[in-house]
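This report concerns only the one structure given below.
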Ligand code: BV8
Ligand code: ZN
């Protein structure tokens, strides 16, 4: 059973991270969809750096929840037959034990140097323009994909969607593309599609099955069920 899982902000909500919607849509009075653009960064880099420095600092105050942990167990059980794709820039999947996570929209705890193209693990701030550890230039930006920029690893994701047996969407509103189009792509391949979400999403009608509830309850139940059904237990070694 080859499975592709897509997660969104809803999988991290119960860890205490605001979703794009819950935040009342506003960050310090700014629309995140506006702050998260290369145009904003060019026009007001301090505003954008403060936005991401605040979210990066928040990561130190939260922990993975039962949904993250259940997906790490699923990776143990399915091995390479699972591809976990996330729209989230937090590192809670990895901190829960997932080893192969595709961050299609980048990672908060990585700084990207636009002078030497180097990427550096980063837990501090970028507002104070620290020098790049590689080339010394003060040209570090958050390694996140902004609106208008091309998401990461699209080919790997499309290849996995092309020959998977099951596509599962967890905690996402289905508003942002190309992620919101993955279910259509899977359907076009005759793949079974399942949504696990607190509320109805813009894509709910595209799923064969759509379950409502908090990820911390729906995801462990689904994972236990799948492992029982496939007889998949932890992969030894
Ligand atoms: C691109 C990183 C070309 C930064 C992000 C007009 C029409 C269609 C598309 C477009 C258009 N105009 C422009 C576009 C393209 C644009 C886009 O989609 N715009 C939207 C707004 C219309 N997309 C782009 O620009 C993308 N690039 O298209 O390049 C291309 C295309 C194809 C192939 C190659 C190249 C780049 C988009 C990436 C932007 N960066 N994040 C940052 O984080 O700051 S997007 C960001 O917003 C997130 O990563 C995520 O993708 C999105 C937020 O959505 P969710 O994660 O779903 O969160 P949300 O709050 O909305 O919903 C939470 C859900 O969870 C809810 O349903 C709720 O019910 C549920 N929930 C809540 N609590 C729980 C829960 N569920 C379970 N349990 C709970 N406890
Ligand atoms: Zn550099």
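What follows is calculated from the coordinates using simple rules that are stated; it is not laboratory data. No experiment lies behind these values; they were computed from the predicted model shown. A quick note on method: Cβ atoms are made from the backbone with ideal geometry, for glycine too, and the neighbour counts reach across all protein chains shown.
General observations
- Using distinct alpha-carbon pairs, which all enter the 1/r mean, Kirkwood radius of the stretch 171-216 in Å: 10.7 Å
- Within a Gaussian network of the chain (alpha carbon springs, distance under 10 Å), most fluctuating of 79, 225, 106: 225
- Gain on full extension, evaluated as 0.36 nm per residue between residue 42 and residue 116 minus their Cα-Cα distance, stands at 24.8 nm.
- DSSP-defined beta bridges in the chain - what % are antiparallel, rounded to 5: 30 percent
- Each Cα pair under 8 Å and six or more residues apart adds its sequence gap; the mean of these over the residue count of the chain is a relative contact order of 24 percent.
- With distances taken between every two different alpha-carbon atoms, the stretch 16-121 has a Kirkwood hydrodynamic radius of 15.4 Å.
- The chain: angle of helix 215-230 to the longest principal axis, Cα-based, in degrees nearest 10: 40 degrees
- Residue-span extension gain [residue 1 to residue 34] - 0.36 nm each, minus C-alpha spacing: 7.9 nm
- Relative intensity, log₁₀ I(q)/I(0), of the chain from a Debye sum that treats every alpha carbon as a point, q = 0.16 Å⁻¹: -1.16
- For the pair residue 163 and residue 139, the difference between a 0.36 nm per residue extended length and the Cα-Cα distance amounts to 4.6 nm.
- Rough spin-label spacing in nm, given labels placed 7 Å along Cα→Cβ, for residue 177 and residue 147: 1.4 nm
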